[in-house]
1. For region 152-178, enumerate the residues that are open to solvent by 50 Å² or more (accessible area, probe 1.4 Å), within 17 Å of the chain's Cα centre (by Cα) and over 15 Å from Phe33 (Cα atoms).
2. Checking Arg81 against (1) at pLDDT below 95; (2) surrounded by 15 or more Cβ atoms within 10 Å (Cβ to Cβ), only one condition comes out false. Which one?
3. Here is a list: Arg130, Arg142. Which entry is open to solvent by 60 Å² or more (accessible area, probe 1.4 Å), touching a residue at least 12 places away in the same chain (Cβ under 8 Å) and more than 18 Å from Cys93 (Cα to Cα)?
4. Just the residues that are open to solvent by less than 10 Å² (accessible area, probe 1.4 Å), under 14 Å from Gly98 (Cα atoms) and not β-branched (Val, Ile, Thr), please, taken from region 51-73.
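The values are calculated or read from the model by the stated rules, or taken from the named source; none is laboratory data. None of the values given here were measured: they were computed from a predicted structure. Glycine gets a Cβ as well: all are built from the backbone with ideal geometry, and neighbour counts include every protein chain shown. For accessibility, only protein heavy atoms count, side chains too; no ligands or nucleic acids. Shrake-Rupley method; radii C 1.70, N 1.55, O 1.52, S 1.80 Å.
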Amino acid sequence: MRIIAGEFRGRRLLGPEGDATRPITDRAKQSLFDVLAPLLPGSVVYDLFAGTGSMGLESISRGARLAVFYESDRSALALLRKNIDALRVADRCRVVAGDLFRLIAASAAPDADRADLVFLDPPYRFVRERPDDLRALATTLRGRHMAPDATLVFRHDAADAMDLPGFERFDLRTYGEMAIELLR
């Protein structure tokens, strides 16, 4: 795993061992960020189910003002923090450890920290096993954590489909068994 472009272009990121997280391929990441590039300068980005932080850190490298990472897995959190420290971007990052569903539901972002871009990358099984939780999460995000014109990037198994309330898809990309939906 590496940063594709921007301030930290080419820098390697520590990646996961085992299957606790699913790193995105460089090809898929480059294609996605080509579309997202105009949204990034000065933006606030939420990286939900962040793993080791690849999406949020790529956003920081490309000019995002702030990346907020939500992760509950301890080994992924340790690698995420090491990646942030290695890039020396702790002043542009916030790590929130714990159950994302509970944490988002119990809070509201101040206007200055409402997300312009949200990466929603749950474990693939959640679309089948916890669809109501994901729908409730999307509703709460839209109402209390996202700027009015924000974009949500939803990564899931291409075989699974799910509508998120209050969002409309404007782009869909598939890479083998992975689908990436861009929603507003």
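1. Matches in region 152-178: Arg169 only.
2. In the conditions (1) at pLDDT below 95; (2) surrounded by 15 or more Cβ atoms within 10 Å (Cβ to Cβ), Arg81 misses (1) alone.
3. Values: Arg130 fails: touching a residue at least 12 places away in the same chain (Cβ under 8 Å).
Only one candidate qualifies: Arg142.
4. Gly51, Phe69
Here is a yes/no grid of residues against (1) open to solvent by less than 10 Å² (accessible area, probe 1.4 Å); (2) under 13 Å from Arg94 (Cα atoms); (3) not in a loop (DSSP other than H, G, I, E, B):
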| site | (1), (2), (3) |
| --- | --- |
| Pro23 | no, no, no |
| Gln30 | no, no, yes |
| Phe33 | yes, no, yes |
| Leu36 | yes, no, yes |
| Gly42 | no, no, no |
